[in-house]
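To keep things clear, I will list the structure first and then write my remarks on it.
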Amino acid sequence: MLPGRRIVGVRLGKTDFIDDPVAIEQQVPGARIAAVRRLGKFLLLDLESSNGNTHRSSLLIHLGMTGRLVTCDPAEPVPNHTHVFFTLDDGRELRYTDVRRFGRMGLLQESSEDKSIGSLGLDPLEASKDQFVALLKNRSARIKALLLDQHVLRGIGNIYADESLWRARIHPMRLGGGLTGDELRRMYRAVREVLNEAIRLRGSSIADYVDSDGNLGGFQRRHRVYQRDGKKCFRCGAIICRIIVAGRSSHFCPRCQPAPRSRRNYP
């Protein structure tokens, strides 16, 4: 567990993904981790440091595509591409490893969180059904694009968008504004089911992903369409297809998730 632990040392390697490396080196040592929060795809480690007056800040971390944040014994071998080491007061290390360095790290002062992260949308695990439906029902964008847009709904990635659309029986090319109330309510239930299952199973281990203890996730065993193009649908037996929507690979069942009438044919 990280809350309650104190960071007693910081060591940095490559820093091109860090907003202000000097601030982290100078201000993080000695700080106590008060809480760990998720805000969309960002992790926030809330820090408290006492120098006469208690000063609060947050360490912002985005794992990008290949990032790992793992606690371990400092004697354990250091994986290649490990760029940040936080030494904890219980003797462990918190290590950040990222092959492609598409992630982000920075130190936010208490008053600058909203400005630094930007305007994020609703968290589907916190939104009510009515809020979710109202947010999407008049949108002209494709539903897959809306699910991935962090300014509309925060915290949904490509895997979970595909899996949610399959469960809701909605084609990724459908327009948000073209979905019926029943379809939007199905979408709401599917997104929440998928995200809650993924959290319970500690994520999907595709390529490099592991959890904070270095263990593989288990939700990949529940995937029904993601990266299954050319294989049979678990529900109806049709062959799973792959198209590009909003610049991302999208996997769907052409029978369970019928295409919009004007877009029936795909290359």
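Brief remarks follow.
- On inspection, Asp162 passes the criterion of being in a helix (DSSP H, G or I), buried (at least 17 other Cβ atoms within 10 Å of the Cβ), at pLDDT 95 or above and of a type outside the set (A, V, I, L, M).
- Here Val70 passes the criteria (1) surrounded by fewer than 16 Cβ atoms within 10 Å (Cβ to Cβ); (2) touching a residue at least 40 places away in the same chain (Cβ under 8 Å) except the one numbered (1).
- Test: residue in the stretch 252-266 that is within 22 Å of the chain's Cα centre (by Cα), at pLDDT 95 or above and either part of a strand (DSSP E or B) or not hydroxyl-bearing (Ser, Thr, Tyr) (or both): yes
- Top-ranked residue of the stretch 14-52 - restricted to ones that are surrounded by fewer than 13 Cβ atoms within 10 Å (Cβ to Cβ) and farther than 27 Å from Gln150 by Cβ, ranked as farthest from the chain's Cα centre (by Cα): Gly52
- Count of residues meeting criterion [under 22 Å from the mean Cα position of the chain (by Cα) and in a strand (DSSP E or B)] in the stretch 87-102: 5
- Members of the stretch 237-253 found to be among the hydrophobic types (A, V, I, L, M, F, W, C) and in contact with a Cys (Cβ under 9 Å, 6 or more places away or on another chain), listed by number: Ala238, Ile239, Ile240, Cys241, Phe252, Cys253
The values are calculated or read from the model by the stated rules, or taken from the named source; none is laboratory data. Not measured: the values here are computed from a predicted model. Note that each Cβ is placed from the backbone with ideal geometry, even for glycine, and that neighbours are counted across all protein chains shown.
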